[in-house]
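The values are calculated or read from the model by the stated rules, or taken from the named source; none is laboratory data. Here the structure is a predicted model, which is why all the values come from computation and not from measurement. Every residue, glycine among them, receives a Cβ derived from its backbone with ideal geometry; neighbour counts consider all protein chains shown. Just so you know, the surface numbers come from the protein's heavy atoms only, side chains and all, with ligands and any DNA or RNA stripped out. Shrake-Rupley method; radii C 1.70, N 1.55, O 1.52, S 1.80 Å.
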Amino acid sequence: MERAQLKNKSESFSDFIHSANAVLFPGGMGTELQRRGYKCTLPLWSAPANLEAPHLVEQIHADYFDAGADVAITNTFRTTPRTFRKLGRERDAERALKKSVAIARRAKRNAGRQVFVGGSFAPLEDCYRPDLVPPMVELREEHRQQAVWLAEPGVDFLLPETVSSCLEGQIMAEAASAAGLPFIISFVTGSDARLLDGTSLAEAVRKTDLPGRIGVSLNCRPIDTINSAFHILSSSYEGAIGLYPNGVGHPHSDLGWRFEEKGDGIQKFASIALRWRDAGAKIIGGCCGTTPDYIRALNKKLRGPARGRPRSRKAIARRASADQPSQGRP
């Protein structure tokens with residue numbers, strides 16, 4: 001795909017981010033597949049559903065759009081050759097990824113209003129284990145490949161997400177920037193509001209500041225952890241901030257996610273989301289354990305005028321209009 005075509009797409013999504021009072025991300029995909037009866041097991045997690053249950057994946061996208069989401073996130077969190085190789089299915093990786101993009105784009109066409117598709121790619125090994133980050137040469141090649149595979153079929157933006165290592169985050173941002181699409185990078189922090197490798201949010205924000213970046217987000221942690229990190233992030237970043245925490249349940253070593261009546265319910269989720277929006281958060285959605293009902297509650301709460309002061313949008317405009325990045329920029 002020509003870079004000029006990619007830039008036309010990026011301007012549309014960047015303009016939406018710039019002008020919207022609140023941008024609603026969907027809730028979880030893998031956990032929602034699991035909740036509806038599809039067996040998501042590690043290491044592939046939800047990736048096989050693109051090939052085995054495409055209609056269910058599309059229905060979940062449609063349900064999030066019906067609930068008010070502005071975005072569908074591709075079901076590509078584990079569609080890497082590295083992950084499929086663990087089960088001797090490496091050749092299925094590209095097919096599963098591109099099938100996921102096609103499913104999300106079809107749901108977008110059927111939404112009946114302006115919505116967008118974000119292309120998700122994740123840490124190559126484990127989003128909670130920065131000690132497992134592969135060598136630099138593998139990071140560069142494999143993340144580059146994922147970004148290109150997502151950009152070619154026509155997603156509207158890239159979402160390197162659930163990033164717990166600053167080094168891997170830099171490489172993921174580099175890959176997203178080089179693909180020519182706008183991107184939002186999303187970090188995982190601990191209770192100390194640092195990435196799980198110990199890097200401060202301010203440093204992670206600085207080291208992933210590449211052409212095309214239109215937002216920085218936090219995801220896949222409980223609400224209280226996200227809330228603490230949000231206040232730190234706000235002090236070090238002027239652009240669009242996204243927050244999509246977990247809902248009920250908790251990670252499980254075999255199942256990937258176990259649903260229990262523990263975690264953050266819809267009422268708490270919607271109430272704190274309103275405070276986040278009024279404090280300047282632009283993008284709000286859900287991660288593991290959240291459902292269309294969470295997004296429906298957010299839509300009801302957030303589709304009103306913000307009471308707080310709007311955040312500076314200089315960073316959004318600057319990055320969206322930046323020139324093509326040089327290759328290999330750290």
Which ones in region 165-191 are over 12 Å from the mean Cα position of the chain (by Cα) and assigned to a strand (DSSP E or B)?
Thr189
Unique residue being on the phi > 0 side of the Ramachandran plot and touching a strand residue (DSSP E or B) at 6+ places or on another chain (Cβ under 8 Å) when the list is Gly180, Gly198, Gly212
Gly212
Can you tell me which of (1) closer than 20 Å to Cys127 by Cα; (2) touching a Pro at 6+ places or on another chain (Cβ under 9 Å); (3) assigned to a helix (DSSP H, G or I) is the one Gly215 doesn't meet?
(3)
Looking at region 154-177, which of its residues are modelled with pLDDT of 95 or more, farther than 20 Å from Gly239 by Cα and surrounded by fewer than 24 Cβ atoms within 10 Å (Cβ to Cβ)?
Leu167
Identify, by number, the condition in (1) open to solvent by 40 Å² or more (accessible area, probe 1.4 Å); (2) modelled with pLDDT under 95; (3) within 20 Å of Cys287 (Cα to Cα) that Ser235 doesn't meet.
(3)
Does any residue of region 192-202 turn out to be of a type in the set (Val, Ile, Thr) and either under 21 Å from Ala22 (Cβ atoms) or within 13 Å of the chain's Cα centre (by Cα) (or both)?
no
Please note which helices (runs of 4 or more DSSP H) are completely contained in region 20-85 and include at least 2 residues that are open to solvent by 20 Å² or more (accessible area, probe 1.4 Å) and either more than 25 Å from Lys301 (Cβ to Cβ) or in contact with a Gly (Cβ under 8 Å, 6 or more places away or on another chain) (or both).
49-52, 54-67, 81-85
Report the residue count in region 64-88 for those that are in contact (Cβ under 8 Å) with a residue 12 or more places away in the chain and farther than 22 Å from Glu161 by Cα.
3
List pairs: first in region 22-37 and more than 12 Å from Ala69 (Cβ to Cβ), second of a type in the set (D, E, K, R), Cβ under 7 Å, 6+ apart or cross-chain?
none
I'm trying to understand the selection: among the residues of region 89-103, which are open to solvent by less than 10 Å² (accessible area, probe 1.4 Å) and either more than 10 Å from Ala47 (Cβ to Cβ) or in contact (Cβ under 8 Å) with a residue 60 or more places away in the chain (or both)?
Val101, Ile103
I'm trying to understand the selection: among the residues of region 210-228, which are farther than 19 Å from Gly28 by Cβ and either crowded, with 19+ Cβ neighbours inside 10 Å or touching a residue at least 60 places away in the same chain (Cβ under 8 Å) (or both)?
Leu210, Pro211, Gly212, Arg213, Ile214, Gly215, Val216
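Any chance you could count how many residues in region 116-153 are part of a loop (DSSP other than H, G, I, E, B), of a type in the set (Val, Ile, Thr) and open to solvent by less than 10 Å² (accessible area, probe 1.4 Å)?
0
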